[in-house]
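Structure first, then comments.
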Amino acid sequence: MIIVDTNVISEAMRPEPDRRVMRWLAEQDPEDLFTTAITAAEMRYGVATMPAGRRRAEYERVADAILQRDFAGRVLPFDAEAAVHYATIAAQPGMAKNDGSLFDAMIASIALRRGAPVATRNVRHFAPMGVAILNPWDHP
C-alpha cells in the first residue's frame, strides 16, 4: 500500500506532467495505490474555486474519473485510529502555523494508522511527522 498525496495526483492531471512522476506511477501496481478522503476534499476544493466554464468542467470530470475509477474502493477515510496519530502530529510546535500542514498531518495520520508510505513532493511537510516518504519527482 502506498498513499498518494494530492500533489502527485494533481501533477498527473496537468497538460504536461513531469515525466518522472508519470514513469513512477506507471511502474506501480494500481491496486497498491491508495489516496485519502483528505486528498479527495483538496481536489474537489481546488476545482470548486476555479471560475465557472469549460476548464473547470474538464477538471471536474477528470477529478471525478480519478477518484471514482482510478481509486475506486481505495480512498481511505480519516477514522478514530488516525485521529490518535493526528493529535500527536498536530500538537508539534509550529504545525498550526504551516499553511496546509494540518491537512498533511491528517494524511500522515492515515498513513501511520495503515503502516503505509506517502508518495509526495512535500518532503519538508511530511518528514517531521514520522511517516515514510516516497518522492516520485526523485524517480529516475
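Here, each number is a calculation from the coordinates, and none is a lab measurement. What you see is a predicted model; the values in this text were computed from it and never measured. Neighbour counts run over all protein chains shown; Cβ positions are idealised from the backbone, glycine included.
Quick notes on this structure:
- Cβ-based exposure ranking for Arg20, Arg69, Arg113, in which fewest neighbours within 10 Å come first: Arg69, Arg20, Arg113
- Percent RCO, i.e. relative contact order, over segment 2-138, from Cα pairs under 8 Å lying at least 6 residues apart: 31 percent
- Given charges at beta-carbon only (K, R positive; D, E negative), |dipole| of segment 25-65 in Debye: 500 debye
- Cut-off under 5 Å, modelled amide H: who pairs with Ala132 long-range: Val118
- Computed over all pairs of different Cα atoms, the Kirkwood value for the hydrodynamic radius of segment 1-93 is 14.6 Å.
- From helices alone, the chain scores -14500 deg cm²/dmol at 222 nm; the rule is -39500 (n - 2.57) for each run of n ≥ 4 DSSP H residues, then divide by the residue total.
- The chymotrypsin sites (Phe, Trp or Tyr not before Pro) found in segment 1-59 include none that occupy coil by DSSP while having at most 16 further C-beta atoms within 10 Å.
- Around His85: net Lys/Arg minus Asp/Glu count, Cβ-Cβ under 14 Å: -1
- With neighbours defined as other Cβ atoms within 10 Å of a residue's Cβ, the residues His139, His85, His125 order from fewest to most as His139, His85, His125.
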